[in-house]
Amino acid sequence: MDFVTGLARYITRRSNHSVYEDIRDLPITSYHRIIEDNDLEWLKRKKCKADLEGAWDKINGQLVDAFGASESFENLFKKLKTLQIYEIKRIVEDNESYTTKINITKRDIEGLKEKRLSNSEIQRLHADQHRMITQWTGRDSRTLSTYEFFNDLQRYEEYVKKEEIEKAKLGFKKRGSKMR
């Protein structure tokens, strides 16, 4: 991190130190509690009145910028965009035939929302991720920032993919040698 970026983060933290607004500062345990409990209060560093939804939007924007969006999030976003387009066309073109498309798209969106994991499944997933990161890096993942955690998780997934490719290559070579 260069000096200017570090200084900007320091000033931002000092000026609005009551709420986490940066994935480099937000502890991963707080992030997971927000997801598990659906409670933005975990963004607060101390009791205060603050724009928690604005802070959460910043956090999510930073996560998408740094690590990309999940496939389910992208699908939901596309459906929401499609819904808006249909609603606009219905109004602009004064065409009620879009009502059916709107209703179908709304059902699709509800279906995507229903496919989300239950709270206990999310907690198990988070626990598994913590255990995996701690074993792989040798450091306690619960002490990491949200950025550090997702960065380690991404690096771990890349490592696993590379290992799987190597195993597949070795398996192919062994099978190929038996055929001769």
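None of the figures in this text is laboratory data; all of them are computed from the coordinates on show. Treat the numbers as computed from the prediction; the structure is a model and nothing was measured. With ideal geometry, Cβ positions are generated from the backbone for all residues, glycine too; neighbour counts draw on all protein chains shown.
The figures follow:
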| item | result |
| --- | --- |
| Between segment 83-98 and segment 134-160, the Cα center-to-center distance that results, in Å | 46 Å |
| Charged-residue dipole, Cβ positions (Lys, Arg, Asp, Glu), segment 31-123 about Cα centre, Debye nearest 20 | 240 debye |
| Summed residue charge, Cβ within 9 Å of S145's Cβ, Lys/Arg positive, Asp/Glu negative | -2 |
| Full-extension gain in nm, I91 to D39, via 0.36 nm per residue minus C-alpha separation | 15.1 nm |
| Cβ-Cβ FRET estimate between F77 and E163, R0 fixed at 41 Å, reported to 0.05 | 0.80 |
